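Working notes, beginning with the structure itself.
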Amino acid sequence: MDINKILTADFLDILFEGKNKAYGAYELRKTYDKRLRNGLLGMILVTVLLSVGAIVSNSIKDDKVEVVAVDLSLENVNQDEKKPEPPPPPPPKQEPPKVEVTKFTPPKIVKDEEVKEEDEIKEVEKLEETKISTFNQEGTKDDGLVAPVEQSTGAVEAPKEEDYDKLFTSVQIQAEFPGGQSGWVRYLERTLNRDLPVENGAPTGKYSVVVSFIVSKDGSISEVKAENDPGYGTKEEAVRVIQRGPKWKPAVQNGRNVIYRQRQAIVFMVSED
């Protein structure tokens with residue numbers, strides 16, 4: 001390179017003097033500053049766009065879904081049946097009429113003034129119309145008939161033992177999710193797809209699904225079905241959550257585990273922030 005050009009030449013031109021500049025290294029170093037400037041400008045532009053998008057999205061109100069767990073119990077299906085009327089009270093017992101009784105006094109020879117009135121010997125005709133005993137009693141004449149003894153014709157039924165293998169709809173202790181109400185809420189939070197109504201276009205409102213299922217004596221779940229369908233996929237989601245859940249604590253009647261039909265409500269609350 002000419003000595004006059006060295007003072008005004010670029011460092012890269014001096015470094016690559018006599019070398020193959022078309023190889024690529026010369027071009028990369030030559031355009032390094034330009035590419036660095038373009039990269040910084042591009043990164044700043046992307047950061048600004050992301051910030052603007054976040055601000056715009058936060059300014060738009062999104063629908064919020066809440067889930068409310070409600071426990072339901074079956075009412076006794078026999079409550080409308082008329083209870084049998086209690087039997088009428090037994091009639092008051094009536095004492096049989098008193099029969100005239102005459103005291104029998106064995107014959108004894110004494111003075112007339114020593115004979116007491118109750119010890120006076122009765123005439124034979126009078127004794128035939130009364131009963132003879134050791135005392136006197138006023139009453140009706142003895143007609144020789146014996147009053148019939150009343151016999152009860154009502155059959156006494158033995159107490160019926162309750163069938164504990166039937167399906168109960170009313171029990172003393174209802175079936176319960178393991179862990180109680182707090183355990184049920186935690187299970188819904190982990191398992192339930194709460195955003196499903198919004199994803200299916202559900203407007204703001206309350207969507208309650210009542211699920212009926214049988215809890216066996218060992219707590220197993222079967223015959224899961226929804227009694228209503230508010231729409232937007234809530235029915236299918238509520239049934240799915242019950243079906244895939246763990247065993248429940250069985251219901252108890254008279255200290256025994258029994259088969260019980262449980263009703264559980266799952267409420268989807270769609271609201272605006």
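Every read-out reported here was derived from the displayed coordinates using simple, explicitly stated rules and does not represent laboratory data. Being a predicted model, the structure only gives us computed values, none of them experimental. As a convention, Cβ positions derive from the backbone with ideal geometry for all residues, glycine included, and neighbour counts pool all protein chains shown.
What is the calculated FRET efficiency for Thr204 to Glu236, with r their C-beta to C-beta distance and R₀ = 22 Å, to the nearest 0.05?
Details: r = 21 Å, r/R0 = 0.97.
Efficiency computed from Cβ-Cβ geometry: 0.55.
Quick check on the exposure proxy: order Tyr232, Tyr164, Tyr260 from fewest to most C-beta atoms within 10 angstrom. Show your work: numbers first, answer last.
Numbers: Tyr232 20, Tyr164 13, Tyr260 24.
Exposure proxy ranking, most exposed first: Tyr164, Tyr232, Tyr260.
Modelled label positions at Gln181 and Tyr164, each set 7 Å beyond Cα in the direction of Cβ, lie 3.0 nm from each other.
A simple spin-label model places pseudo-atoms 7 Å from Cα toward Cβ; at Ala265 and Lys249 they are separated by 2.2 nm.
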